[in-house]
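Comments concern the structure below.
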Amino acid sequence: MNAWEYLVKLSRHPHRGTATDGEAAAAASLRTWLQQLGYRVDTQEFRTPRDTLYLGPSAVLLGFAAAALAGLIWPLWALAGCLVLLVPMIGEMLGSPRIDFDLLLPTYPSQNLVVRRPAASALPGRRLVITAHYDTQRATLLFHPKVAPHLQAYFTAVYALIAAVPVLLGLRWQLPDARAAGPVLVGLTALLLLNVAFLLYCKVTGRYINGANDNGTGAALLLSLADHFAAAPLSDTELWFVLTGAEEVGTRGMKHFMRGAALDRASTMFINLDNLGGGKLHYLLGEGMLAFRPYGADMTALAEKLALAYPGRVKAKKNLLLPTDAAVPAQAGYQAISFLAFGDDGSLPNYHWHTDTIDKIDRDLLRFAEGFIFEYVHRLSGETAAIRATK
């Protein structure tokens with residue numbers, strides 16, 4: 001079957017919310033479809049928070065608000081408390097494999113699905129891991145179409161509030177007679193609590209979306225590739241297909257996969273597929289929330305070369321606000337790349353919103369992306385593509 005046919009089947013699940021019954025039901029369907037292709041499916045179970053976008057920051061903001069008030073009397077102890085709270089938040093933003101919001105939040109069961117297609121030769125020259133997440137996010141006021149364009153500005157303002165608290169506590173500690181520090185700390189406390197209220201409102205009122213684009217398209221395209229290569233293995237490249245859960249809460253599924261994978265860095269490459277249902281096909285040049293990490297030079301060079309065959313249809317994009325699954329192996333030292341599709345304004349169509357349904361998917365784009373990625377895989381493996389992407 002092709003990617004569209006798999007997408008139709010996957011989109012029949014109302015939602016695939018992280019670590020919910022909906023995600024588990026979708027995983028069961030995906031497992032069945034892969035088994036029908038003749039694959040042995042390894043299910044990797046792990047635990048993850050159901051939400052890191054609202055509860056995690058809320059916990060930190062609440063802690064900083066308490067520290068700001070405590071700093072009126074005990075600035076040194078309050079400063080120490082802030083530094084402790086910064087550890088999981090910075091770990092989350094850096095994509096740390098173990099130090100993140102899991103230290104603060106309750107966790108629930110999720111799962112990855114992993115299948116392997118050995119190379120036709122006995123001694124494969126390389127290993128190619130193709131990944132796509134299948135879980136879905138909530139639609140909340142934070143992602144309302146009129147609010148979403150300002151997400152980066154909002155996050156920057158919140159980070160500035162957080163950074164201001166330890167700075168003022170340090171001044172209060174070193175200059176206890178500074179009168180201005182007290183009222184400013186009180187004002188910061190009010191702003192922090194206001195943001196806590198906003199994030200918790202989003203958490204409570206948000207509803208899981210169908211996620212046809214994010215990331216039904218990537219999962220469906222992965223399935224179509226698995227379908228093809230089940231009958232036609234590459235001669236000297238071992239293929240792994242990894243469907244990850246819990247990507248929407250900070251790439252938890254990919255983190256779990258990488259912790260146990262033990263793959264050779266010199267011969268292993270990663271291709272991630274995400275949000276391929278609207279706009280124009282792009283490949284990322286790298287990722288990072290706090291520290292930008294370029295993607296593999298060989299992989300981005302090939303994407304650039306192949307894009308020349310389709311003028312104006314495939315473009316490069318430097319980075320994203322929130323990470324994709326490819327950021328995890330890239331940080332671990334592997335060559336990796338992420339393919340996504342963006343609208344003319346640079347946004348992901350219907351991003352984390354109720355309108356992310358199958359009727360909004362651009363079938364021509366999905367078909368083109370399917371052909372392009374198929375050719376990219378063949379080129380990366382050093383073989384001549386059996387087909388060319390639809391022009």
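The values are calculated or read from the model by the stated rules, or taken from the named source; none is laboratory data. None of these values were measured; they are calculated from a predicted model. For neighbour counting, all protein chains shown are included, and Cβ atoms are generated from backbone atoms with ideal geometry for every residue, glycine included.
List of remarks:
- Pairs meeting the criteria (first residue in the stretch 15-41 and part of a helix (DSSP H, G or I), second residue charged (D, E, K, R) and at pLDDT 95 or above, beta carbons under 6 Å, at least 6 apart or on different chains) are 22/16; 23/16; 23/135; 26/16.
- Qualifying residue in the stretch 229-241 (condition: modelled with pLDDT of 95 or more, in the same structural domain as residue 117 (by TED's automatic domain parsing) and polar (S, T, N, Q)): no
- Count of residues meeting criterion [of a type in the set (Asp, Glu) and in a loop (DSSP other than H, G, I, E, B)] in the stretch 234-257: 1
- Some residue of the stretch 319-330 being surrounded by fewer than 24 Cβ atoms within 10 Å (Cβ to Cβ), more than 23 Å from residue 129 (Cβ to Cβ), outside the structural domain of residue 150 (by TED's automatic domain parsing) and modelled with pLDDT under 95: yes
- Test for residue 131: is it farther than 29 Å from residue 375 by Cβ, among the hydroxyl-bearing types (Ser, Thr, Tyr) and surrounded by 17 or more Cβ atoms within 10 Å (Cβ to Cβ): no
- Filtered residue count, the stretch 179-227, keeping only those that are of a type in the set (Phe, Trp, Tyr) and assigned to a helix (DSSP H, G or I): 2
- Look at the stretch 93-112: where a residue is under 18 Å from residue 159 (Cα atoms) and a partner is among the β-branched types (Val, Ile, Thr), sitting 6+ places away or on another chain with Cβ atoms under 8 Å, you get 95/251; 95/328; 100/52; 101/52.
- Within the stretch 185-194, none of the residues are within 28 Å of residue 278 (Cβ to Cβ) and out of contact with any Leu (no Cβ under 6 Å at 6 or more places or on another chain).
- Test: residue in the stretch 128-135 that is within 29 Å of residue 252 (Cα to Cα) and either in contact with a Pro (Cβ under 7 Å, 6 or more places away or on another chain) or assigned to a loop (DSSP other than H, G, I, E, B) (or both): yes
- Within the stretch 257-275, considering residues that are touching a strand residue (DSSP E or B) at 6+ places or on another chain (Cβ under 6 Å) and over 16 Å from residue 241 (Cβ atoms), the one modelled with the lowest pLDDT: 267
Table: residues versus (1) touching a Leu at 6+ places or on another chain (Cβ under 7 Å); (2) at negative phi.
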position	(1), (2)
241	yes, yes
269	yes, yes
288	no, no
328	no, yes
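- Every pair of residues 6+ apart whose Cβ atoms lie under 8 Å, when the first sits in the stretch 155-179 and is without any contact (Cβ under 8 Å) to a residue 24 or more places away in the chain while the second is assigned to a helix (DSSP H, G or I) and of a type in the set (A, V, I, L, M): 171/181; 175/181; 178/171
- Of the residues making up the stretch 285-315, just one is of a type in the set (Gly, Ala, Ser), assigned to a helix (DSSP H, G or I), buried (at least 18 other Cβ atoms within 10 Å of the Cβ) and out of contact with any Lys or Arg (no Cβ under 8 Å at 6 or more places or on another chain), namely 303.
- Residue within the stretch 163-178 that is within 30 Å of residue 347 (Cβ to Cβ), assigned to a helix (DSSP H, G or I) and not β-branched (Val, Ile, Thr) present: yes
- Failed item in (1) within 21 Å of the chain's Cα centre (by Cα); (2) at negative phi; (3) not polar (S, T, N, Q), with residue 19 passing the rest: (2)
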